[in-house]
1. Considering only the other residues whose Cβ falls under 13 Å of the Cβ of Glu16, what net charge follows from Lys and Arg at +1 and Asp and Glu at -1?
2. Pull out the extension gain between Asp179 and Val117, defined as 0.36 nm times the separation in residues minus the alpha carbon to alpha carbon distance; nm, one decimal.
3. Among the listed pairs Lys137/Lys184; Lys97/Lys125; Lys245/Lys270, which are separated by more than 21 Å between their Cα atoms?
4. Provide the packing ranking of 220-230, 92-102, i.e. peptides ordered by the mean count of other C-beta atoms within 10 Å per residue, highest first.
5. How large is the dipole of the range 1-112 about the Cα centre if only Lys and Arg carry +1 and Asp and Glu carry -1, each at its Cβ, rounded to the nearest 20 debye?
6. Counting other Cβ atoms within 10 Å of each Cβ, which GluC sites (Glu not before Pro) in the range 1-78 have at most 14 and sit in a DSSP loop?
7. Tell me, in nm to one decimal, what length is gained between Arg281 and Lys70 on full extension, where the rule is 0.36 nm per residue of separation less the Cα-Cα distance?
8. Starting from the Cα of Glu192, step 7 Å along the direction of its Cβ; do the same at Glu91; then give the gap between the two resulting points in nm.
Amino acid sequence: MGMKNEKAKVLVVDDEPVNVELISDYLEKDYDIAQAYSGKEALVKVQTENPDIVLLDIMMPDMNGFEVCKKIRLQDSTRFIPIVVVTALSEIEDKIKSIESGADDFLTKPINMIELVTRVRSLVKTKYYHDELVRNKEQIEAQNDFKTIMTDILPLILQSIPPGKMTEVISQMSKQVEDIIWAKYIHEIPDEITQMGNITCSVLNKLGGGFSVKEVSEKGYTITNNRCPWGETGKINPALCIMTKAIFARIGVHVYKNIDVNIKKTLAGKEDCCLIELFLRAT
């Protein structure tokens, strides 16, 4: 969720459709809404919809909100999603149980809509800042992973390398980068070409790049980049553009042996962006 560019997503969970619609209608102007009508459905939606906050009813027949809350907190991918328990229960023991189950806050029915909006806005902002910290941490870790490689090999690239040696240096460097990518950042082999491109873009973006997949077709796709992952050095040294191409090619052959990668435009060439084409050769 980007605070400026897109709406945060709220998952509303209640076994009473009228309650789901009431809350959804009130929030849909400012938020994207996902809905679930049981505890089991909520556990599915929290994975598939990737909400920024969950509004969770307690009294549901198949699995109550306390159980749902505990299960959300057990999963690494969902444990930091804010959860607001919405309940008709008013005893202090029930509120304590909500917090012990992992809820961040609670609202008592009938819901005060101004209070609802205030709680949602506050917790969504907290989630945004948490996600930013995670993204920054991942980027720092990725940059540290590549620091040794860049320190050891970059000076060679910046020197006047004979044409016959350039390919050898680029191959050596891209192989080391590929080894790190597969060991640390890729947890399953991509099963199709676009997924492979998205994964590679994501890893290079951790270094500070601005890669994204565009113009997808059955034969391949185009990648654009408006921010060099190799910093200012990359903007003036085309050799690093060649290394970027080598990284995409090395990862691509894990999925398709007949993949080709072509660089059409580069920031190092003083153009407005990098443009990389990945396509499958006819076999």
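Nothing in this text is a laboratory measurement; each read-out follows from the coordinates by a stated rule. Since this is a predicted model, take the numbers as computed values, not measurements. Cβ: placed from backbone, ideal geometry, glycine included. Neighbour counts: every protein chain shown.
1. -3
2. Extra length from Asp179 to Val117 when fully extended: 17.6 nm.
3. Lys97/Lys125
4. Top of the packing list down: 220-230, 92-102.
5. Charge dipole of the range 1-112: 360 debye, to the nearest 20.
6. Glu6, Glu28
7. Here the segment from Arg281 to Lys70 would lengthen by 71.0 nm.
8. 5.2
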